[in-house]
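Here's the structure we're looking at; comments come further down.
The values are calculated or read from the model by the stated rules, or taken from the named source; none is laboratory data. Not measured: the values here are computed from a predicted model. Glycine gets a Cβ as well: all are built from the backbone with ideal geometry, and neighbour counts include every protein chain shown.
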């Protein structure tokens, strides 16, 4: 089929984006204002309301759509179907969000504020803003008869590790609803506003809770101190022996077993990406980092395993000093994993280490995701890079992503098609942070980029 180059030019799509800007912003506000917090059972009704909103949104834009129940929270399937002979691309986004404490925010997290070109609210960049930009692009491609079928998978469990997603994929694939030639994921972050990025790898994750109880109640340190065991101190000692907090180096046996080393070519790509430690610190509001070297820093966040302590709970945390010995304590820990590491094996290694240090400590698994590594060569990656250049006028960097997306590993295993990442978020947008935001520049550029990406994919079977 002949494609009208003028209709699908970057200039034409930008003009269209400007024409629908108010519509995009109004819709995004309605989307973000739904507190679809999957982590908190109190928001179950909001999750269902978000699913209904999403289905109605897809239908209003011209797609077919259905809400598919799972063992936990539902998944949305939407389709712009044009012809069985055309190639099919599936777009993955998630529309559940992280919790947000209004007391910590400058603006209400679930009452999105439009501040000029910025959209301030929980879920605006992770992942409702990008999802909506892709939907507007897909609608444009469909209404202008681009010879491609576009499917959507919108998940509502991503922020809790996608516990039902793989079974959803298995069931819907068996039902013939997810046949596709490729998948594109729009849930990743650029190196900086000046440097677009196409990740091809994700770290895995193994969460762990350490728990120790040494008594029935907190007791007076003057009466019992020196004899009573202190669970906070004992857990802190285990953590200190497990890794060097100043360097991040992990000491317990079995942690790095099988971990794939980063090769020189990939490291060169990381440096060539323009990764800048000072800009990274500024974007994430960090005073200090473990290194100022760009190559070491990029490798640390994209391609090396980590051990992190997220919190230690126990004892007295009010003002001043209350002289008690706590009777219980809990530490929350996670380990990010790289390709060829196995989460179960890492957990068992850590459990063995903890019990060798202190057999009284409970070691409880808390969420597990395998790492992912795709390709950064081939027709789909080339189409993605060309689409980014067309939309943003800059050469994208091929990088890895430090975070984890469990759904991607499941899609790789079940769908067995190429998976490409085309994210729109920036470091300063505040993934998972207070005062999360998105902006019009990225939304409009995303519309241009995805229309061009769809156009290029439509030619793969022409």
* Asked: Going through the range 31-43 one residue at a time, which ones are part of a helix (DSSP H, G or I) and either in contact with a strand residue (DSSP E or B) (Cβ under 7 Å, 6 or more places away or on another chain) or surrounded by fewer than 14 Cβ atoms within 10 Å (Cβ to Cβ) (or both)?
  -> 41, 42, 43
* Assess whether residue 22 counts as being in a helix (DSSP H, G or I), in contact with a helix residue (DSSP H, G or I) (Cβ under 6 Å, 6 or more places away or on another chain), assigned by TED's automatic domain parsing to the domain that holds residue 387 and closer than 23 Å to residue 125 by Cβ. => no
* Does residue 65 fit the bill of being surrounded by 13 or more Cβ atoms within 10 Å (Cβ to Cβ), under 28 Å from residue 117 (Cβ atoms) and in contact with a strand residue (DSSP E or B) (Cβ under 7 Å, 6 or more places away or on another chain)? -> no
* Structure fact -> Those residues of the range 213-252 which are closer than 24 Å to residue 304 by Cα and outside any helix (DSSP H, G or I) amount to 243, 244, 245, 246, 247, 248, 249, 250, 251, 252
* To do: Among the residues of the range 136-151, write down those that are on the phi < 0 side of the Ramachandran plot and surrounded by fewer than 22 Cβ atoms within 10 Å (Cβ to Cβ).
  => 139, 142, 143, 144, 147
* **Odd one out for residue 13, checked against (1) touching a residue at least 40 places away in the same chain (Cβ under 8 Å); (2) within 26 Å of the chain's Cα centre (by Cα); (3) assigned to a helix (DSSP H, G or I)** => (2)
* Unique match (being within 21 Å of residue 385 (Cα to Cα) and either touching a residue at least 40 places away in the same chain (Cβ under 8 Å) or under 17 Å from the mean Cα position of the chain (by Cα) (or both)) among 188, 173 -> 188
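Can you list the strands (runs of 3 or more DSSP E) found entirely within the range 346-462 that contain at least 2 residues being surrounded by 24 or more Cβ atoms within 10 Å (Cβ to Cβ)?
Details: elements: 362-369, 397-401, 419-421, 437-439.
Fully inside the range 346-462 and qualifying: 397-401, 419-421.
Okay, residues lined up against (1) loosely packed, with under 14 Cβ neighbours inside 10 Å; (2) under 24 Å from residue 141 (Cα atoms); (3) more than 23 Å from the chain's Cα centre (by Cα):
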position: 80; (1), (2), (3): no, yes, yes
position: 84; (1), (2), (3): yes, yes, yes
position: 96; (1), (2), (3): no, no, no
position: 104; (1), (2), (3): yes, no, no
position: 114; (1), (2), (3): no, no, yes
position: 119; (1), (2), (3): no, no, no
* To do: Filter the strands (runs of 3 or more DSSP E) completely within the range 88-181 down to those with at least 2 residues that are closer than 29 Å to residue 461 by Cα and in the same structural domain as residue 449 (by TED's automatic domain parsing).
  => 88-94, 149-155
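Counting only residues that are more than 18 Å from the chain's Cα centre (by Cα) and farther than 16 Å from residue 208 by Cα, how many does the range 304-340 have? Outline the logic, then answer.
Here is the first cut: in the range 304-340, the residues more than 18 Å from the chain's Cα centre (by Cα) are 307, 309, 311-333, 340.
Now narrow it down to the ones that are farther than 16 Å from residue 208 by Cα: 314-328, 340.
Residues flagged as more than 18 Å from the chain's Cα centre (by Cα) and farther than 16 Å from residue 208 by Cα within the range 304-340 amount to 16.
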